[in-house]
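Scroll down for the structure; my scribbles are underneath it.
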Ligand SMILES: C[S@@+](CC[C@H](N)C(=O)[O-])C[C@H]1O[C@@H](n2cnc3c(N)ncnc32)[C@H](O)[C@@H]1O
């Protein structure tokens, strides 16, 4: 298995062919009961099809398959960590805090890629979680000093406000109910939430997928916007003081694929090329970017939304 963490356009993944979805049966004029296929839960209350797919995927992998999460190669680190780095740097800047100040829960964290990133960034109190017990076993072997536990992101087994910060990367769009996943993050985070997910918009329309397939199971690529995040947050937190922001960016695994081709796999050259592509492209394209870096801070001293800080239009 290579670095195909995800098939959505915000990660380093190889794209897969759009799955064939059978066309709906022609109407006969009769009223049919809706058939719910994607939202069935298994005996543990996990979304059945996605759970089976990820258990299979992680179960078929070896520790070595995940070595790139700690690969110090700058090109790999840049392509893998660029978005989470932007989110975390902005969070620390907004809250005038340090990494060591935060008790963190990662949901949909798989074998612990974000956990490794956070540990290397200076975070000391980290819990990685995923609904796949196979992933959690690998995470424990990869990072024995980091706590890893099985959690369903739609029903987090934690008290309200038990963690300071809850983070997700490329996970919510695998849930049958992505907004519920965000609601759960908001519930168990006492101070902040960071979500790295696909963003709606022009680039997503051109380069993104609508559906993706994991071990034969399909999921919808749910895309966020700052306005949607604001509505979800306000519905839950009501008039509590809160800062909501999307450090929107542009990011695509095809940049990696292209760089690999052009540089014939020479990692030093790839690093330079990838860096230049994002340096030139990002400032131009971030505003219409396909990567959502949603940040919610429960803090009365920070202005309410990013838009409140922006100068009024002339
Ligand atoms: C695309 S992978 C991303 C893994 C990791 N966050 C990363 O970026 O490397 C999606 C992850 O979400 C997990 N997942 C999917 N549905 C979940 C659920 N309901 N609860 C918890 N984890 C879930 C999968 O097992 C998988 O590890």
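Worth a mention:
- Some residue of region 79-98 being farther than 16 Å from residue 295 by Cβ and loosely packed, with under 15 Cβ neighbours inside 10 Å: yes
- Just one of (1) within 18 Å of residue 146 (Cβ to Cβ); (2) in contact (Cβ under 8 Å) with a residue 60 or more places away in the chain; (3) not in a helix (DSSP H, G or I) fails for residue 80. It is (3).
- In region 140-156, the qualifying residues are those that are in contact (Cβ under 8 Å) with a residue 40 or more places away in the chain and farther than 15 Å from residue 171 by Cβ, and the one that is farthest from the ligand (Cβ to nearest atom) is 141.
- Residue check for residue 110: buried (at least 22 other Cβ atoms within 10 Å of the Cβ) and more than 19 Å from residue 243 (Cα to Cα): yes
- Hits in region 100-139 - residues which are closer than 23 Å to residue 73 by Cα and more than 13 Å from the ligand (Cβ to nearest atom): 119, 120, 121, 122, 123
- Test set (1) within 11 Å of the ligand (Cβ to nearest atom); (2) at pLDDT 95 or above - residue 49 fails condition number: (2)
- Spans of helices (runs of 4 or more DSSP H) in region 193-273 with at least 1 residues closer than 21 Å to residue 176 by Cα: 202-207, 226-237
- The sole residue among 167, 149, 203 that is surrounded by fewer than 24 Cβ atoms within 10 Å (Cβ to Cβ) and touching a strand residue (DSSP E or B) at 6+ places or on another chain (Cβ under 7 Å) is 149.
- Annotation note: Cβ proximity below 8 Å between a residue of region 37-54 that is within 13 Å of residue 154 (Cβ to Cβ) and in a helix (DSSP H, G or I) and a residue that is within 11 Å of the ligand (Cβ to nearest atom) and at pLDDT below 80 (sequence gap 6+ or interchain) occurs for 51/44.
The values are calculated or read from the model by the stated rules, or taken from the named source; none is laboratory data. Keep in mind it's a predicted model, so treat the numbers as computed, not measured. Here the Cβ is made from the backbone with ideal geometry for all residues, glycine too, and neighbour counts use every protein chain on show.
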